[in-house]
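The values are calculated or read from the model by the stated rules, or taken from the named source; none is laboratory data. Predicted model only: the values in this text are computed from it and were never measured. Cβ atoms come from the backbone with ideal geometry, glycine included; neighbour counts cover every protein chain shown. With ligands, DNA and RNA removed, areas are computed over all heavy atoms of the protein, side chains included. Shrake-Rupley method; radii C 1.70, N 1.55, O 1.52, S 1.80 Å.
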Amino acid sequence: MEVLNFVDGAFQTTAQVLENVAPGSGEKFGTIPRSGAAEVDKAMAAAKRAFPSWSKTPAAERAACLERLADAVQANAAMLAEAEAKDNGKPVSLAAHVDIPRAEKNLRFYASGIQHFASHSHAMEGEAINYTLRKPLGVVACISPWNLPLYLFTWKVAPALAAGNCVVAKPSELTPVTAYLLSTWIKDAGFPDGVFNVLHGLGPEVGEAMVTHPDIAAVSFTGGTVTGARIAGHVAPKFKKMSLELGGKNPAVIFEDADMEEALRTTLRSSFANQGQICLCGSRILVQRSIYDAFRDALVAKASKMVAGDPLDPSTKLGAVVSEAHMNKILSYIELAKEEGGQVLCGGERLRPAGVEGGFYVAPTVIEGLGPKCRTNQEEIFGPVVTLQPFDTEEEALALANDTAYGLAATLWTTDLKRAHRVAAGIESGIVWVNTWLLRDLRTPFGGVKASGLGREGGFDALEFFTEPQNICIKL
Ligand code: NDP
C-alpha cells in the first residue's frame with residue numbers, strides 16, 4: 001500500500017519515501033511519505049486559509065462532518081481492523097473490538113460534545129454581567145503514537161475540529177495506514193479543503209517541523225516522555241498551549257481481601273493486552289505478602305499458557321510488538337532485569353510462531369526479586385513484561401506505588417470500601433481504577449501527573465484545551 005499525505009483537500013506525494021513493515025510477519029508491505037518542513041509549510045498555509053471560515057461554521061455543521069466521518073469508519077470497520085492488525089501487530093480481534101469502535105466513538109462523542117459545550121456567565125448583582133466566549137485557537141498540531149493508532153489519532157483530531165480549529169495531524173511513522181485510510185474519507189465527509197490535513201513521516205523530521213512552526217497555535221501530543229520534554233522545550237518559550245500525554249510505570253496494587261479470581265483475570269489483561277503496549281497497562285504488580293505466593297503462581301501459570309500468533313488470525317489473542325527495534329529494546333530490558341538480580345518466572349524470550357517466524361514476538365514475561373529503585377522498576381518498558389513485588393502494610397503499598405517518576409494510572413484491588421477510598425486518594429496518578437481496569441467513560445478527565453504529562457484530555461477538558469476563553473464584561 002502506498003500511503004499519501006492529505007493536504008488542502010488533495011493527496012500528495014513526497015520526493016522521498018519510507019518503507020512500512022508489518023510486525024506480524026517482518027515483511028515490507030508499502031511505502032509512506034517522508035515529509036519535512038516543505039510539506040508542513042504547505043499544510044500550515046492551507047489550514048490558515050481555511051480557518052476564518054471553519055471557525056465561523058455553526059457547531060452543528062462541524063458536528064455533521066464528524067458524524068459522516070464516523071459513518072465511514074463504521075462502514076469500513078472490518079477493513080480498518082485488518083489494516084490496524086497488519087500495520088501494528090495487534091490481534092485483529094482486539095482492533096475489531098477496541099481500536100476501531102473507539103475511533104468511531106471518539107468522532108461521534110465530540111460531534112455531540114461540541115453541541116453541549118456552553119459558555120459561563122457571571123452576574124455582578126446590579127452592576128455588570130460577564131460572559132465567557134470560547135474561541136477556537138487557529139491551526140493546531142496533533143501528534144499521536146503507534147500503540148493505539150486510529151484510536152488515539154481520532155481522540156485528538158475530533159475535539160480539535162469540533163471546536164473550530166484547523167488541524168495538521170501526524171500519526172506515528174510506524175503505523176500510518178489507518179490515519180491514511182481515514183484521510184481518504186475527509187472530503188466526502190464534507191470538511192472544506194485545508195481544514196483537516198494529515199502528514200506522514202518521521203517524528204524528528206516532520207513532527208519537529210510541525211511543533212516549531214511559527215503559525216502553530218497549540219500542540220496536542222501523545223507519546224514518550226523524552227519526546228514530550230523535547231516538544232515542551234520548543235513550545236513553552238513561545239507561550240503556546242500544549243497537552244502532553246506521556247509514558248507510565250503503572251502500579252497494580254493487590255490487597256489480601258481482593259476478589260482473587262477477578263484480580264487475576266484482569267491483571268493478566270492489564271499486563272499483556274496489546275502486548276503490554278498500552279500506556280495504561282500495569283507493569284509493577286504489588287501484592288500483599290499473605291497472598292503473594294498464590295497470586296504469583298497463578299499469574300505465572302496463566303501467562304505461560306498465552307500463545308502468540310499471526311495478528312491477522314481471528315483466534316489470536318497475543319500478537320507481535322510494533323517493530324524489530326522495539327522488540328530488541330524489550331528483550332534488552334529483560335537482560336537488564338536479570339543483571340539487576342531479577343528472576344524471570346516465565347517468558348523472557350523472543351517467540352517465532354509457526355507461519356510467521358519472521359515477526360517480532362515477545363513471550364509474556366513475569367519477573368520477581370527486584371527492589372523498587374532498580375531501572376527495571378523505574379523505566380517504562382512498554383512491552384509484555386511485568387514485575388512482582390510483595391508488601392506488608394497499606395503504607396508500604398502506597399510508598400511503593402508512588403515510588404516512580406511517572407503518574408499516569410493505577411489499579412487497586414480490595415473489597416474494603418474505606419481502604420479503596422483511602423488508598424485511591426493517596427496514589428499520585430491521573431487515574432485510579434478500583435477492582436477494574438481500562439473502564440473508560442469519555443466524559444472523564446484523562447491524563448497523567450509527574451512525568452506522565454501535562455493537561456487533561458477527554459470530555460469538556462479537551463474542548464477547553466482546544467479553545468481560548470475570553471471574558472467579556474458589560475456594565476449594566
Ligand atoms: P514517541 O514519543 O516516540 O512518538 C510519539 C509521536 O511523536 C510519533 O508520532 C512520533 O513520530 C512523534 N515524534 C517523535 N519525535 C518527535 C519530535 N522530535 N517532534 C515531534 N514529534 C515527534 O512515542 P511512541 O510512538 O514510541 O509511543 C509510545 C509512548 O507513548 C510510550 O511512552 C507510551 O507510554 C506513550 N503513550 C502515552 C499515552 C497517554 O495517553 N499518556 C497513550 C499511549 C502511549 P514517529 O513515530 O513517526 O517517529
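The table below lists the values:
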quantity	calculated
With DNA, RNA and ligands ignored, accessible area of residue 25 (1.4 Å probe; Å², nearest 10)	40 Å²
Tilt relative to the chain, helix 324-339 - C-alpha long axis, 0 to 90 degrees, to 10	40 degrees
Descending semi-axes in Å of the chain, equivalent ellipsoid built from Cα gyration tensor	38, 29, 19
Cβ-derived FRET efficiency at R0 25 Å, residue 439 paired with residue 416, nearest 0.05	0.80
Chymotrypsin sites (Phe, Trp or Tyr not before Pro) restricted to the range 227-272 and DSSP loop, no more than 14 other C-beta within 10 Å	239
Sparse-neighbour loop sites [GluC sites (Glu not before Pro); the range 356-395; at most 12 other C-beta within 10 Å; DSSP]	357
In sequence order, calculated HN-Hα J values of the range 148-156 (Karplus, 6.51, -1.76, 1.60; Hz; x Gly/Pro)	10, x, 6, 4, 7, 5, 6, 4, 9
Distant-in-sequence amide H partners of residue 9 (H built 1.01 Å from N, under 5 Å)	194
More than 13 angstrom apart: percent of Cα pairs within the range 214-283	71 percent
Solvent accessible area, Å² - residue 421, 1.4 Å probe, full protein context	130 Å²
Heavy-atom accessible surface of the chain: percent carbon and sulfur, 1.4 Å	56 percent
Loop GluC sites (Glu not before Pro), the range 64-159, which have at most 16 other Cβ atoms in a 10 Å radius of their Cβ (DSSP)	125, 127
Antiparallel DSSP beta bridges within the chain, percent to nearest 5	45 percent
C-alpha long axis of helix 100-113 to longest principal axis of the chain, angle in °	40 degrees
The range 244-285: radius of gyration over Cα atoms, expressed as a fraction of 2.2 N^0.38 Å	1.23
Rounded to whole Hz, the Karplus (6.51, -1.76, 1.60) HN-Hα couplings of the range 271-281, x for glycine and proline	8, 10, 4, 6, 6, x, 9, 10, 4, 9, 4
Computed accessible area, residue 148, all protein chains, 1.4 angstrom probe, square angstrom	10 Å²
For residue 346, residues with placed amide H under 5 Å, excluding near neighbours	366
Centroid-to-centroid separation of the range 2-20 and the range 139-206 [C-alpha atoms, Å]	13 Å
Principal-axis tilt of helix 37-56 within the chain, Cα atoms, nearest 10 degrees	60 degrees
Hits among lysines - C-alpha to C-alpha of residue 302 under 27 Å, sequence gap 8 or more where chains match	86, 90, 249, 317, 329, 338
Estimated FRET transfer efficiency when R0 is 41 angstrom, pair residue 471-residue 19 (beta carbons, to 0.05)	0.20
Cα coordinate range in the range 26-134, projected on the principal axes (Å, largest first)	72, 38, 21
